[in-house]
Amino acid sequence: MTNTQKDQETNVTGATVWLTGLPSAGKTTIAYELAGRLRAEGHRVELLDGDEIREFLSAGLGFSREDRHTNVQRIGFVAELLASHGVTVLVPVIAPYADSREAVRKRHQQEGTAYVEVHVATPVEVCSVRDVKGLYAKQAAGEISGLTGVDDPYEEPESPDLRIESQNQTVQESAQAVHALLTERGLL
C-alpha cells in the first residue's frame with residue numbers, strides 16, 4: 001500500500017504542483033497566491049521556494065547542469081515526501097532541464113503520489129522587464145553569466161498539465177487556473 005493510499009483512507013489527498021519557468025516568469029507569485037487560497041479553504045499546504053531551498057537544503061551547490069539536477073532532485077524528494085502525507089506542495093522553481101523534471105515526475109509515479117506540472121510560459125522579453133531579482137540587468141551588464149533562458153538553456157515542457165501565460169492574465173486568474181485543474185483532478 002502506498003503512502004497516498006493510506007492518506008486517502010483518512011480522506012486526505014496530497015499532491016505536488018511543480019511550477020516551472022524562466023526567472024521572473026511569475027512562478028513564486030502564483031504559488032503564494034494559490035497557497036493563500038488553499039489555506040483559506042482549509043487545505044494543508046507547503047511552498048518550497050527555490051531560493052529558500054538553495055539557501056538551506058542545497059547550500060554549496062552551484063549552477064552547473066549537474067548541480068542544477070541535484071538541486072531539482074532534492075526538491076523533488078522533499079515534495080514527494082510531503083505530498084505522500086496529504087500535503088499540497090507548491091514548488092515554484094526554474095528546473096531548466098526536461099530530464100530533471102521527468103525524474104521528479106517518475107519518483108512521484110513510483111510512489112503513487114499525485115504530480116502536476118505547470119509551465120509558467122512567460123516570454124523572456126516580459127521576464128527581463130519584470131526582472132524581480134535584477135538578474136537580467138546583471139547579465140546584460142556582464143556581471144553574471146549562465147542566466148537561464150538567456151545564455152543558459154531552458155527546456156520548455158513539451159506537454160505540461162497546464163500552461164499559464166502570466167503576461168495575459170492576473171495573478172489571481174493564474175492561481176485560479178491551477179486551482180481549477182487540481183479540483184478537476186480530485187486533488188482538493
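Name the single residue, out of those in segment 154-188 being of a type in the set (D, E, K, R) and open to solvent by 50 Å² or more (accessible area, probe 1.4 Å), that is farthest from S84 (Cα to Cα).
So in segment 154-188, the residues of a type in the set (D, E, K, R) come out as 155-156, 158, 161, 163, 165, 173, 184-185.
If we keep only those that are open to solvent by 50 Å² or more (accessible area, probe 1.4 Å) as well, we get 155-156, 158, 163, 165, 173, 184-185.
Details: E155: 28, E156: 27, E158: 26, R163: 25, E165: 29, E173: 28, E184: 19, R185: 16 Å.
My answer is E165.
Results for (1) touching a residue at least 12 places away in the same chain (Cβ under 8 Å); (2) touching a strand residue (DSSP E or B) at 6+ places or on another chain (Cβ under 6 Å), shown as yes or no for each residue.
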position	(1), (2)
A137	no, no
I164	yes, yes
T170	no, no
L188	yes, no
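Matching residues to (1) surrounded by 16 or more Cβ atoms within 10 Å (Cβ to Cβ); (2) free of Cβ contacts under 8 Å to residues at least 24 places away in the same chain; (3) out of contact with any helix residue (DSSP H, G or I) (no Cβ under 6 Å at 6 or more places or on another chain):
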{"site": "A25", "(1), (2), (3)": "yes, no, no"}
{"site": "T29", "(1), (2), (3)": "yes, no, no"}
{"site": "A35", "(1), (2), (3)": "yes, no, yes"}
{"site": "E41", "(1), (2), (3)": "no, no, yes"}
{"site": "G50", "(1), (2), (3)": "yes, no, yes"}
{"site": "R54", "(1), (2), (3)": "yes, yes, yes"}
{"site": "G60", "(1), (2), (3)": "no, yes, yes"}
{"site": "S64", "(1), (2), (3)": "no, yes, yes"}
{"site": "H69", "(1), (2), (3)": "yes, no, no"}
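Mind checking which residues of segment 6-38 are acidic (D, E) and either closer than 18 Å to D131 by Cα or modelled with pLDDT of 95 or more (or both)? Before you say what the answer is, go through the steps one by one.
Step one: list which residues in segment 6-38 are acidic (D, E), which gives 7, 9, 33.
Across segment 6-38, the qualifying residue is only E33.
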**Request:** Hey, can you tell me all the residues within segment 159-185 that are at pLDDT below 95 and part of a loop (DSSP other than H, G, I, E, B)?
**Result:** none
**Number of the exception - E80 against (1) of a type outside the set (A, V, I, L, M, F, W, C); (2) farther than 22 Å from T170 by Cα; (3) open to solvent by 50 Å² or more (accessible area, probe 1.4 Å)** = (3)
**Prompt:** Within segment 39-64, can you find the residues that are within 23 Å of S128 (Cβ to Cβ) and in contact with a strand residue (DSSP E or B) (Cβ under 9 Å, 6 or more places away or on another chain)?
**Reply:** D49, G50, F63
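Tell me the helices (runs of 4 or more DSSP H) entirely within segment 89-153 that contain at least 2 residues that are open to solvent by less than 30 Å² (accessible area, probe 1.4 Å).
Working: elements: 98-111, 124-130, 135-140.
Correct list: 98-111.
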**Request:** Could you check T88 against (1) polar (S, T, N, Q); (2) touching a residue at least 40 places away in the same chain (Cβ under 8 Å); (3) more than 20 Å from I53 (Cα to Cα) and say which number it fails?
**Result:** (3)
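For segment 143-158, name all the residues that are over 30 Å from T183 (Cβ atoms) and either modelled with pLDDT of 90 or more or among the hydrophobic types (A, V, I, L, M, F, W, C) (or both).
Listed by number, the residues that qualify are E143, I144, L147, T148, V150, P153.
The values are calculated or read from the model by the stated rules, or taken from the named source; none is laboratory data. Given the structure is predicted, the values throughout are model-derived calculations rather than measurements. Positions of Cβ are backbone-derived with ideal geometry, glycine not excepted, and every protein chain shown enters the neighbour counts. Please note that ligands, DNA and RNA were not included when accessible areas were found on the heavy atoms of the full protein model with its side chains. Shrake-Rupley method; radii C 1.70, N 1.55, O 1.52, S 1.80 Å.
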